[in-house]
1. With all protein chains present and a 1.4 Å probe, how do D50, D472 order by accessible area, largest first?
2. Would you mind working out the accessible area per residue for segment 440-518, using a 1.4 Å probe, and quoting it in Å²?
3. For segment 304-401, what is the Kirkwood hydrodynamic radius in Å, using each pair of distinct C-alpha atoms?
4. Arrange the peptides 112-122, 487-497, 566-576 so that the one whose residues have, on average, the most other Cβ atoms within 10 Å appears first.
5. Tell me the Kirkwood hydrodynamic radius of segment 229-297 in angstroms, computed as one over the mean inverse distance between distinct C-alpha pairs.
6. Tell me which lysines have Cα within less than 17 Å of K259's Cα, excluding those fewer than 8 residues away on the same chain?
7. Among 342-348, 142-148, 520-526, 131-137, how do they line up from the highest to the lowest mean number of other beta-carbon atoms within 10 Å?
8. Might you report the magnitude of the Cβ-based charge dipole of segment 214-334 about its Cα centre, with Lys and Arg at +1 and Asp and Glu at -1, to the nearest 20 debye?
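The values are calculated or read from the model by the stated rules, or taken from the named source; none is laboratory data. Predicted model, so just to flag it, every value in this text is computed and none were measured. Here the Cβ positions follow ideal geometry from the backbone for every residue, glycine too, while neighbour counts run over all protein chains shown. What goes into the accessible areas is simple: the full protein's heavy atoms, side chains included, and nothing from ligands, DNA or RNA. Shrake-Rupley method; radii C 1.70, N 1.55, O 1.52, S 1.80 Å.
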Amino acid sequence: MTDMAADNDEVNDDQEDRRLSASEDQTPRSFCLQSFVNLYGDEPHLSRFDHVKHYAKKHCGSVTFLCCLNIFLDKIPLLYCLKKYNIRKNLFGDIIAGITVAIMHIPQGMAYGVLTTLPPIYGLYVSFFPVIIYMIFGTCPHLSIGTFAVISLMIAQAIEGVVPSSMDMINNTTIVSNESNSLLNNEKVQVATTLALLVGLVQLLLSFLRLGFLTVYLTEPFISGFTSGAAVHVFTSQIPSLFGVKSPSRIEGAFKLPKFYIKLIRLLFYKINWISTAIGIVSIIILFFSKYFNERYKSKIRIVLPCELILVIIGTVLSHFVRLDSKYDISVVGEIKRGLPSPVFPSLNSIDKLIVPAITIAAVSLSISISMAKMFSRKHGYKVSSNQELLAYGMANVISSFFKCYPSAGSLSRSVVQEGSGGKTLLIGGFSSIVLGSVIIALTPLFRSLPMTCLAAIIIVNLKGLFYQMKDFIFYFHISVLECLLWTITFTSVVLFDVDIGLYVGICTSFIINTIRTQKPRFVTLGQVEHTGIYKNVVYFPSAHQYSKIKVLRFDESLYACNVPFFKRKFYELIDIHLEHSPIISCREDTHKHADKFNYKYVILECSTFNFIDTVGVKLLIEIFNDLKRRGIVLYLSECR
């Protein structure tokens with residue numbers, strides 16, 4: 001019975017072979033392809049020169065003065081906002097949101113200004129000038145531009161890489177302490193403004209070359225791991241101010257944080273200021289619970305309680321009347337300049353030392369800001385252009401650098417408040433700047449007695465959102481092991497080494513992971529769903545019909561140099577052809593007995609997933625086609641793009 005069944009299978013296979021061969025002979029491939037193109041083809045094949053000619057004619061054929069003017073005006077989204085502005089619908093919400101965010105800008109600007117190792121007033125400048133420029137060129141009304149903790153830390157590291165030579169110069173002179181501090185601060189400000197100019201130029205260059213799409217390579221796991229690791233550095237930098245001790249210096253190289261904490265613990269044993277510690281801890285507790293109640297009852301209150309500004313006012317008044325600086329040796333902010341700075345061209349002395357930090361800061365700031373802008377655009381249904389955002393960030397940094405500002409970026413905490421306060425248009429930035437400008441012009445000297453421990457408390461509490469990102473590790477672990485690995489490597493390298501090294505390691509890891517994903521994609525066998533023309537993966541659809549002499553395959557990725565070796569090996573495996581050499585001494589009697597017998601006569605490669613194919617991929621297909629032809633197997637390509 002078994003022999004009779006085998007004979008029947010062979011007869012059926014022979015009949016199917018004759019039927020397939022007959023149909024192949026009756027319908028030449030060239031005729032089928034040409035008739036299909038004639039019936040359904042859209043455009044004739046054009047040469048590269050004809051494509052360029054057609055593009056130039058389409059886009060430049062009717063260039064007029066009005067067209068050029070509209071192209072220029074398109075780069076200023078504020079004009080569209082003013083043209084369509086509904087005063088009755090939007091004005092009140094924009095004013096409330098502007099005032100609310102301005103109140104947040106004041107303490108955060110001062111705190112993050114100190115974080116950059118500059119006087120607090122420069123943080124207020126960054127909260128004023130870039131906001132105005134972004135209001136003119138930006139596209140996201142809910143994004144709050146200004147100071148940001150991670151960027152401030154990176155700016156501080158860039159300044160420290162340039163200024164030590166200036167510190168040595170100061171120490172070798174005989175000028176008094178106040179003058180030396182003033183000279184040192186001026187040197188730092190020059191470096192910071194030069195850095196802002198370079199960051200802005202990098203962003204403008206990316207916008208001009210329309211390279212906004214590059215931000216997609218800075219993936220969410222990378223950004224989450226990087227900002228979480230940087231938050232650890234920011235938190236560490238504020239601990240000395242919180243406990244009233246000087247920050248340990250001369251810590252370089254790998255494992256900076258462990259070395260820092262070892263020195264810090266020794267300092268705390270002998271020099272801790274208990275009054276400063278008490279003020280800082282009480283400030284953290286008050287801020288934490290007030291922010292918690294703000295978030296919980298924001299739908300009922302509608303107006304966010306300005307807890308940070310209240311803390312600054314209380315701390316300043318208490319310090320002034322109790323004289324905390326003279327009686328208890330608590331560090332205070334000190335004299336703050338009144339008024340807006342006059343425009344000055346940034347110094348170009350340290351450009352060679354700042355190019356790499358500028359590129360790094362530009363990449364981090366634009367990736368964080370654009371990701372937040374797109375998040376709000378998806379939520380509220382408006383369009384955000386990556387290239388226009390790059391133009392806005394670049395213009396904000398370049399123009400602000402003439403007014404003694406360091407690089408700016410979007411802040412998640414302020415942006416969430418700006419969105420929740422009812423603002424709907426770009427004019428939020430204008431109302432915020434009016435309030436902040438009034439404070440800079442008239443009220444800044446009042447903050448001279450503010451304890452530094454209060455600013456440290458503000459920074460630490462505002463890191464809460466970045467620390468909460470650490471739970472993303474569990475989420476990425478459940479979704480993708482590779483994304484979890486990217487988050488872990490980025491976070492660990494930032495914490496154990498440094499922010500800039502962690503950035504480079506994370507970017508390299510991201511590219512490697514993306515390459516690995518395309519190196520070994522799915523390569524599946526397709527079968528025909530019964531009574532339809534639909535072909536599905538036979539692993540997920542076991543009932544899909546497969547023909548005995550025909551193998552239908554699909555490679556779920558573009559074919560290029562990185563995945564060519566995998567494609568070739570897997571292709572031959574799926575059609576039951578083994579490319580290994582036969583052993584010199586055969587282990588089994590029938591190892592390669594049927595080496596020349598092939599199960600399939602036709603192989604169809606479904607190419608709809610090929611978005612592109614490079615020269616290596618083309619050569620591989622030609623090689624496989626010729627090899628199968630020698631074996632008596634015909635290769636067909638279907639759904640070619």
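1. Values: D50 65, D472 40 Å².
The most accessible residue leads, giving D50, D472.
2. Details: 3570 Å² over 79 residues.
For segment 440-518, the per-residue accessible area is 45 Å².
3. Numbers: mean 1/r = 0.0547 Å⁻¹.
For segment 304-401, inverting the mean 1/r across all distinct Cα pairs yields 18.3 Å.
4. Values: 112-122: 24.5, 487-497: 21.8, 566-576: 15.8.
The most tightly packed comes first, giving 112-122, 487-497, 566-576.
5. On the way: mean 1/r = 0.0736 Å⁻¹.
In segment 229-297 this quantity evaluates to 13.6 Å.
6. Reachable lysines: K246.
7. Numbers: 342-348: 12.6, 142-148: 29.9, 520-526: 16.4, 131-137: 22.9.
Ranked from most to least packed, the peptides come out as 142-148, 131-137, 520-526, 342-348.
8. Details: 14 positive and 6 negative charges, 42 e Å.
I would put it at about 200 debye.
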